[in-house]
1. Rounded to the nearest 10 degrees, what's the angle between the helix 313-332 long axis and the longest principal axis of the chain, both from Cα atoms, 0 to 90?
2. Under unit Cβ charges (Lys, Arg +1; Asp, Glu -1), what dipole magnitude, rounded to 20 debye, does region 184-340 have relative to its Cα centre?
3. Take the alpha carbon gyration tensor of region 257-400, find the square roots of its eigenvalues, order them as a ≥ b ≥ c, and report rounded if a/c is under 1.5; if not, report prolate when a/b exceeds b/c, else oblate.
4. In terms of the Cα gyration tensor, with a ≥ b ≥ c the square roots of its eigenvalues, is region 289-362 rounded because a/c is under 1.5, prolate because a/b exceeds b/c, or oblate?
5. Estimate the FRET efficiency between Arg103 and Asn62 by the formula 1/(1 + (r/R0)^6), using the beta-carbon distance for r and 25 Å for R0, to the nearest 0.05.
6. Could you pull out which residues in region 222-245 have an amide N less than 19 Å from a spot 7 Å beyond the Cα of Gln306, following the Cα-Cβ vector?
7. Can you tell me the length gained on complete extension of the stretch Gln397 to Glu352, counting 0.36 nm per residue apart and subtracting the Cα distance?
8. Between region 105-138 and region 202-230, what is the separation of their alpha carbon centroids in Å?
Amino acid sequence: MSSSGYLVHRRLLFHLCKSPCVLKRRVGQQRLLSTSGRCRTIMPAWVIDKYGNNDVLRFTRNASFPVIHYPNEVIIKVVAAGLNPIDVSMRGGYGSSTLSMKRDPLNIKQSGSEFPLILGRDVSGVVMECGLDVKYFRERDEVWAAIPPWKQGSLAEFVVLSANEISHKPKTLSHIEAAAIPYVAATAWSALVNTGGLSKDKCANKRILILGGSGGVGTFAIQMVKAWGGHVTVTCSQNAERFLKGLGADHTVDYTAGPVEEPLSQLEKFDLILDNIGGDTERWALGLLKPWSGAKYVTLVTPFMQNTDLLGIADGMMQTAATVATKALKHLVKGVHYRWGFFSPSGPTLDEIREMVDAGKIRAVVEETFSFSQVPQAFEKMEKGHARGKTVVQISQGGT
């Protein structure tokens, strides 16, 4: 390149760098270019810079703006974010070893590279930008999603997710209502369908026991099983019985009146048990299943994360595999199946859930709503437990 050509080239680059930020907008199947007055590089968010109690939560207006790194990703403007018990656990460091491996499989980054970390596993909002390979969504679409715990969460103005993790929001729900469903729906679906083997065609007249029915997963699971024609028994406190029967529960057992295994043992045996409680329930719960009929006990309280946090990834996974294999074999000889259930993010699953919501078969259960400035109070509410539904944070005003 000649000296004069080099100067022209540098001058052109200089003017391009000073021009307004270029944003991509999808219109039909074409991608046009439009200019914005400024290029966003930061956004408001609640973050943590270390693990700990509620004191580690910090509000900042300088959180890094999410960036599309892969052609199948979308940027979502968050309208509402739902909180779950896992957010409280992650704030304290639960699963940090496993999630760090998922974020950085080759261990290239230094320890602590996940900070500043944004919590929040549920999101309902509006698509702001789509990657080049995204075909099913367009800018301004209203969507909802359950965010994997290894990704930055929804307690921020924007979040970036893969297109196969999101779904169009139900038309019958507001953003606040929609933010109460995705994470618990994905968890319950994974436990009952993927692990438990239930489906809308294989649930009629099945007897299901849900241990701990008044929380987010329990309230959703009750509605899903009833929508498919199953019979649902739940354990709960006495003051939650009317609430859960209003969601469709056929029978309730009050755990505050004494050990629940005694009244449960007097009932007809069950085809599937969903355990949201853990603890010593494994000691007696599997005896409530119908033997030699394919009945399953699925627990959502597993030692997988604890093992990897305590023993490291390799030893923790070996310990976990040995534990689940031992328990599965122990109960298999008694004619019942022992399984662990895990959260699994899935846009197609939320598509199925959306149809059930819009058909009036499932409704959102929001216990309390907080403003964006009240995130610490929302976490305090979550830590108290005994929830009847979900805690939701409104991040911004709804609409496009």
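Derivation of every value follows stated rules applied to the coordinates shown; laboratory data play no part. The structure displayed is predicted, hence computed values, not measured ones. Please note: Cβ atoms are built from the backbone with ideal geometry, for glycine as well, and neighbour counts cover all protein chains shown.
1. Computed tilt is about 30 degrees.
2. That gives region 184-340 a dipole magnitude of about 520 debye.
3. Prolate.
4. Since a/c reaches 1.5 but b/c is at least a/b, the shape of region 289-362 is classed as oblate.
5. Calculated value: 0.70.
6. Under cut-off, by backbone N: nothing.
7. Stretched fully, the Gln397-Glu352 segment lengthens by 13.5 nm.
8. Cα centroid of region 105-138 versus Cα centroid of region 202-230: 31 Å apart.
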